[in-house]
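Read the structure below first, then the notes.
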Amino acid sequence: MTAAPPGLLDRPRIVVADEDPAVVAFVIETLRKEGNAVFHAYDALSAIQLASSLDACHLLISNTKVEGLPGVDLIRQLRDRLPAIPILYLANVGRSSPQVEAHLPEDVPILREPFTEAELIASAKRLMAKPRTSHGGASADARRQATERP
C-alpha cells in the first residue's frame, strides 16, 4: 500500500457513489475546489470498502441506484459498519420517488437534482459540521435543511 499524498489526511474525506458520470464529475470537481479529498466509488461494494478503509470518512454522497445495490440499501449497509457517518442522498430526476425516499434513515438529507454548486457545498458543509452521533452524524433537522434552497 502506498502512502497518502501529503496533506490528504488533513482534509475532509468524501466518498461519492453514483453511476451517472456527469453527476460524479460535477460533485467531485465542486467539492475538490472546496479543498476536500473526494473519492469515487464505482459500485456499492467499493463505496462500503472505501468509506470503511478511510481514516475518518467525513461524508458519503449516494444516489438512487449504485451499481450492485439500490442507494437505500447501500446507506443501510454502510450505517451497519459506520453508524456515525454523515450521508447525503442525491435524488435523481425521474429515478427517485417518495416511496424510495421514505426508506431512508431520518437523518439522511435529500438534495434534489438539478442542484447548484452552492447548494451542494452548503449541504456537504452542514453535514460535516454536525456532531457525529451513533445514529448517523446529522440530526433529523439536517434532512430538512439540506432539502431547502439557500
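A short reminder: the numbers here are calculations on the coordinates, not readings from a lab. Quick caveat: nothing in here was measured; it's all calculated off a predicted structure. Counting neighbours? That spans all protein chains shown, and the Cβs are built from the backbone with ideal geometry, glycine included.
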Kindly write out, for region 22-30 in residue order, the coupling ³J(HN,Hα) from the Karplus curve 6.51 cos²θ - 1.76 cosθ + 1.60 (θ = phi - 60°), rounded to whole Hz, with x marking Gly and Pro. 5, 5, 4, 4, 4, 5, 4, 4, 4
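Averaging sequence separations of C-alpha pairs under 8 Å and six or more residues apart, then dividing by the length of region 10-147, give the relative contact order as a whole percent. Don't skip to the answer; put the middle values down first.
Working: 253 pairs, mean separation 30.7, N = 138.
Relative contact order for region 10-147 comes out at 22 percent.
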Radius ratio Rg over Rh of region 10-147, counting only Cα atoms, Kirkwood formula for Rh: 0.91
Farthest toward positive dipole pole in region 16-104 [+1 Lys/Arg, -1 Asp/Glu at C-beta], among 74, 22, 42: 74
Check which residues have an amide H placed less than 5 Å from residue 69's amide H, if you skip close sequence neighbours. 44
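What full-extension length gain, to one decimal in nm, is calculated for residue 112 and residue 132 as 0.36 nm per residue of separation minus the Cα-Cα distance? Write down the numbers at each step before the final one.
Details: separation 20, 0.36 × 20 = 7.20 nm, distance 2.36 nm.
Here the answer is 4.8 nm.
Using Cβ counts within 10 Å as a stand-in for footprinting exposure, how do 40, 103, 58 rank, fewest first?
Details: 40 17, 103 12, 58 21.
So the residues, fewest neighbours to most, are 103, 40, 58.
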Radius, Kirkwood style, for region 33-94 when every pair of distinct Cα atoms is counted (Å): 11.9
Using only the Cα atoms, work out Rg/Rh for region 78-126, with Rh taken as the Kirkwood radius, to two decimals. 0.98
Rounding to the nearest 20 debye, state how big the charge dipole of region 10-147 is about its Cα centre with +1 on each Lys and Arg Cβ and -1 on each Asp and Glu Cβ. 380
